[in-house]
Amino acid sequence: SPHVLACGGTSLRAARSAISSETVWNDGAADGATGGGVSIEFPVPSYQTSAGVPNNVDTGQSGRGVPDVSGDADPETGYTMRVDGADTVIGGTSAVAPLWSALIARLAQATGTRFGLIQTLLYAGVSPGKDVPGFHDITSGNNGAYEAGPGWDSCSGLGSPDGTALLSRLQDS
């Protein structure tokens, strides 16, 4: 749907509290991977018209591209949770959705703004093949049907968040 913020997944490696690498999460069909692609149900929404969304690889039709954004979803590099008294690491794009939900709540609080359909702001000024301020551009990996590349792509969307830079960008808009 063009009315939701679609979340994709990455595999993130860090060293000394800094990202050392981030690629599209794809552990293979049996072990999980990010989704993504081009809808055959919904047309390209106005906020995505300048992002360079490709046609659907199966039908050749244009449509709404997903994901919009991404975050660490690899169960090997994901989020430490305590379950039944034991620590475990979980992942999946269903872990990325609450990450983005919490980030947007913090951005709204910091700016004193109700964002509504935040995609309009996130895609503002986006052009094909160009980094988007406020995001770490994911340019390596694939989801089985689409390849990551510079700018928006059907594996990682606009990229994973750089919260401080995204806040600055939203305050400027």
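The values are calculated or read from the model by the stated rules, or taken from the named source; none is laboratory data. A quick note: this is a predicted structure, and the numbers were derived from the prediction, not measured. So basically every Cβ, Gly included, is an ideal-geometry build from the backbone, and we count neighbours across all protein chains shown. Side chains are part of the model used for accessible areas, which takes the heavy atoms of the whole protein and leaves out ligands, DNA and RNA. Shrake-Rupley method; radii C 1.70, N 1.55, O 1.52, S 1.80 Å.
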V96 meets each of (1) out of contact with any Gly (no Cβ under 6 Å at 6 or more places or on another chain); (2) in contact (Cβ under 8 Å) with a residue 60 or more places away in the chain; (3) surrounded by 14 or more Cβ atoms within 10 Å (Cβ to Cβ); (4) of a type outside the set (S, T, Y) with one exception, condition (1)
Matching residues, region 151-173, being open to solvent by less than 60 Å² (accessible area, probe 1.4 Å) and either at positive phi or in a helix (DSSP H, G or I) (or both):
G151, G157, G159, G163, A165, L166, L167, S168, R169, L170
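Any chance you could count how many residues in region 60-74 are part of a loop (DSSP other than H, G, I, E, B) and either buried (at least 24 other Cβ atoms within 10 Å of the Cβ) or in contact with a helix residue (DSSP H, G or I) (Cβ under 9 Å, 6 or more places away or on another chain) (or both)?
Kept after step one, since they are part of a loop (DSSP other than H, G, I, E, B), are these residues of region 60-74: 60-64, 67-68, 73-74.
Subset that is either buried (at least 24 other Cβ atoms within 10 Å of the Cβ) or in contact with a helix residue (DSSP H, G or I) (Cβ under 9 Å, 6 or more places away or on another chain) (or both): 64, 67-68, 73-74.
The qualifying residues number 5.
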Flag for S21 being of a type in the set (S, T, Y), open to solvent by 40 Å² or more (accessible area, probe 1.4 Å) and closer than 23 Å to K130 by Cα:
yes
Could you please give the count of residues in region 20-43 that are under 17 Å from the mean Cα position of the chain (by Cα), of a type outside the set (G, A, S) and more than 15 Å from E76 (Cα to Cα)?
1
Here are some residues: A108, A148. Which one is among the small types (G, A, S) and surrounded by fewer than 19 Cβ atoms within 10 Å (Cβ to Cβ)?
A108
Just name the residue that is farthest from S1 (Cα to Cα) out of those in region 122-132 that are open to solvent by less than 70 Å² (accessible area, probe 1.4 Å) and out of contact with any helix residue (DSSP H, G or I) (no Cβ under 6 Å at 6 or more places or on another chain).
G129
Within region 90-134, residues among the polar types (S, T, N, Q) and either assigned to a loop (DSSP other than H, G, I, E, B) or closer than 23 Å to T10 by Cβ (or both) come out as T93, S94, S101, T113, Q119, S127
